[in-house]
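The values are calculated or read from the model by the stated rules, or taken from the named source; none is laboratory data. Note that the coordinates shown come from a computational prediction; the quantities given were computed from them, not determined experimentally. Ideal geometry is used to build each Cβ from the backbone, glycine not excepted, and the neighbour counts take in all protein chains shown. Keep in mind that these areas ignore ligands, DNA and RNA; they rest on the heavy atoms of the full protein, side chains included. Shrake-Rupley method; radii C 1.70, N 1.55, O 1.52, S 1.80 Å.
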Amino acid sequence: MGINFTELQITVQQVIDLIAAKDLKAANNKLVDASELLDELLDHAEEDEQLIEVSKYQVLLNQLHQKING
């Protein structure tokens, strides 16, 4: 894979950790960061595997958003 998902993985883990710590405001802010990273990755995704990986993260971020915002 030509694009690197490491930064996104770290940011998503931070969101999960903040939700677990019940710091929903910080989790929401970090989720915005993750969404921006995902948008950048989507712009550079060319191969099918990359697009599949991006779509998995889109689903995960949507689930985290629902968890944070009820």
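Could you run through the range 32-44 and say how many residues are open to solvent by 100 Å² or more (accessible area, probe 1.4 Å) and of a type in the set (S, T, Y)?
Residues that pass the stated criteria total 0.
In the range 14-46, what residues are farther than 23 Å from G70 by Cα, of a type outside the set (A, V, I, L, M, F, W, C) and either in contact with a Gly (Cβ under 7 Å, 6 or more places away or on another chain) or in a helix (DSSP H, G or I) (or both)?
D39, E40, D43, H44
Based on what the data block shows, is Q63 surrounded by 13 or more Cβ atoms within 10 Å (Cβ to Cβ) and either modelled with pLDDT under 95 or polar (S, T, N, Q) (or both)?
no
Scan the range 45-59 for residues that are of a type outside the set (S, T, N, Q), surrounded by fewer than 16 Cβ atoms within 10 Å (Cβ to Cβ) and closer than 18 Å to I10 by Cβ and jot them down.
Residue satisfying the conditions is K56 alone.
If you scan the range 1-13, which residues turn out to be part of a helix (DSSP H, G or I) and buried (at least 17 other Cβ atoms within 10 Å of the Cβ)?
Listed by number, the residues that qualify are L8, T11, V12.
Checking the structure you have, find out if any residue of the range 49-57 is hydrophobic (A, V, I, L, M, F, W, C) and farther than 15 Å from N4 by Cα.
no
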